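Inspection log for the structure reproduced underneath, given as structure tokens.
The values are calculated or read from the model by the stated rules, or taken from the named source; none is laboratory data. Since we're looking at a predicted model, the values are computed, not measured. Counting neighbours? That spans all protein chains shown, and the Cβs are built from the backbone with ideal geometry, glycine included. Keep in mind that these areas ignore ligands, DNA and RNA; they rest on the heavy atoms of the full protein, side chains included. Shrake-Rupley method; radii C 1.70, N 1.55, O 1.52, S 1.80 Å.
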Amino acid sequence: MVDAKTIAEKIMSTKSGIDAHAGQIVEAEIDYVMANDVTAPIAFREFEALGREPVRDKIVLIPDHFVPNKDIASAEQAAEMRRFVKKYNLKNYFEVGRGGVCHQVMVDEGFAAPGRLIVGADSHTCTYGGLNAFSTGIGSTEAAACFAEGRLWFKVPESIKVKVNGKFKEYVSGKDLILKIISDIGVDGANYKAFEFCGDLQNVSISDRLAVSNMAIEAGGKAGIFPCDKLTEDFLKGRVRGEYTPVAPDADATYCRELEYNLDDLDYMVAFPHLPENGKNARDVDVTIDQAFLGSCTNGRIEDLRVAAKIIKGKKIHPDVRMIVVPASTEIYNQAMDEGLLKIFSEAGAFVSGPTCAACLGGHMGVLAAGEKCVSSTNRNFIGRMGDKDSEVYLAGPAVVAASALTGKISVP
């Protein structure tokens, strides 16, 4: 008799070729390994020391953190990526202006798909779980091993079952759901565990699923995995590379914990400094802001831009606020341009940038000074995350970011 398994256990079993269960250590074949301009150079050096040929088809390289380069050091990192790509004739490289934020590019370009095992030298690689993949962040030295072997060891995680009922109210989104979950269980509530989502998921868009999976790591999670359904399959049509195999859990699979959320009751959330677990109802908040940031691998998708543009259209950004809008990829930027969204933002007094991580990690193009406060659709609000250690970042969904940019304080639409 075969033991019942979670999605995570099934994917690890398939990729390792053994009957894998939570707690086991397995060596598994990966589908792709991704690295960016910050993490890749370290991986290159470690890989070169191995004296091996790379597993070319599995390597994806995407400059995004310091795009465009902000100084000589970041330019050198980018140049090192280009040299490595040319040396080994790698095809899956997305130059500045032809890619974007790495996790969105992995989705746009069809690398992320159901049943796949994807690793990335960036902690928010867990994003692709929104498309029924097991994806997780690794270190640069582990990425080097993947460049050489196409395999990596994993501890199979236990899974937390999250059942979702109902339907989001207008403008409430996946960002509000994941902030609520993290506020309930804490930033260590899912340490080395996989979230597995189920329930009324036809009411949760692919964009919202990606946002939820993206922030699984903010609760310590190894992965955040949604099932494959019609929404998934429709999204992947004409986009996905190669074949894929959807993975569903067994009915009697074992979970270490079960949570349940009714979307009908969910309201706008905002996470106070300096942890994503400091969630509060945005309606109860009275915080004056200096900056509103819309973008990142969490909430820089076309759906996020549409929501913000709908709220902002025909209005002006508060005179004491600077709003920064960053589409997550070139594909999204072009779509937003075609739909007239960029013009709406620009006419309102917002600054619109090409795709880049930039301000999310306090890199450039939106860094905060001491004492400044920013409401942001990004994923982290640690001390100094977006600039000076005495600045403050408040995490929220696109609707709250847009409304706040108009009023000059954290507000709901």
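Figures for the structure shown
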quantity	calculated
Stretchable slack from Asp200 to Lys155, in nm (0.36 nm times residue separation minus alpha-carbon distance)	13.2 nm
Percent carbon-and-sulfur accessible area, the chain, ignoring ligands, DNA and RNA, probe 1.4 Å	49 percent
Environment charge of Gly408, counting only residues whose C-beta is closer than 10 Å and scoring Lys/Arg +1, Asp/Glu -1	-1
Integer Hz, Karplus 6.51/-1.76/1.60 couplings in order for segment 325-340, x for Gly and Pro	10, 10, x, 6, 8, 4, 4, 5, 4, 5, 5, 5, 5, 4, 7, x
Share, in percent, of DSSP beta bridges within the chain that are antiparallel, nearest 5	20 percent
Segment 368-397: trypsin sites (Lys or Arg not before Pro) in DSSP loop, at most 16 other beta carbons within 10 Å	Lys389
Neighbour-limited loop hits for trypsin sites (Lys or Arg not before Pro), segment 36-91 (at most 16 other Cβ within 10 Å; DSSP other than H, G, I, E, B)	Arg52, Lys70, Lys91
Sites matching trypsin sites (Lys or Arg not before Pro) across segment 178-285 that sit in DSSP coil, with at most 10 neighbouring C-beta atoms within 10 Å	Lys237
Over the chain: helical MRE at 222 nm, DSSP H runs n ≥ 4 each giving -39500 (n - 2.57), nearest 500	-9000 deg cm²/dmol
Extension gain (nm, one decimal) between Lys91 and Ile72, 0.36 nm per residue minus Cα-Cα	4.2 nm
Whole-angstrom gap from segment 32-75 to segment 240-295, using each part's C-alpha centre	30 Å
Per residue, in Å², the accessible surface of the chain once ligands and nucleic acids are set aside, probe 1.4 Å	38 Å²
Distance between modelled label sites at Thr407 and Asn281, nm, 7 Å Cα→Cβ extension	1.4 nm
Greater than 32 Å apart at Cα, pairs in Lys161/Lys316; Lys91/Lys222; Lys5/Lys310; Lys15/Lys230	Lys161/Lys316; Lys5/Lys310
Separation between Cα centres of segment 171-211 and segment 379-412, rounded to whole Å	20 Å
5 angstrom amide H check on Ile59, placed H, neighbours 5+ away	Val33
Charge dipole (the chain, unit charges on Cβ, about Cα centre) - positive-most of Phe147, Leu263, Ala359	Ala359
Theoretical FRET efficiency, 1/(1+(r/R0)^6), r = Cβ-Cβ of Asp229 and Lys316, R0 45 Å, to 0.05	0.65
Nitroxide proxy distance, nm - points 7 Å out along Cα→Cβ at Arg257 and Gln24	2.5 nm
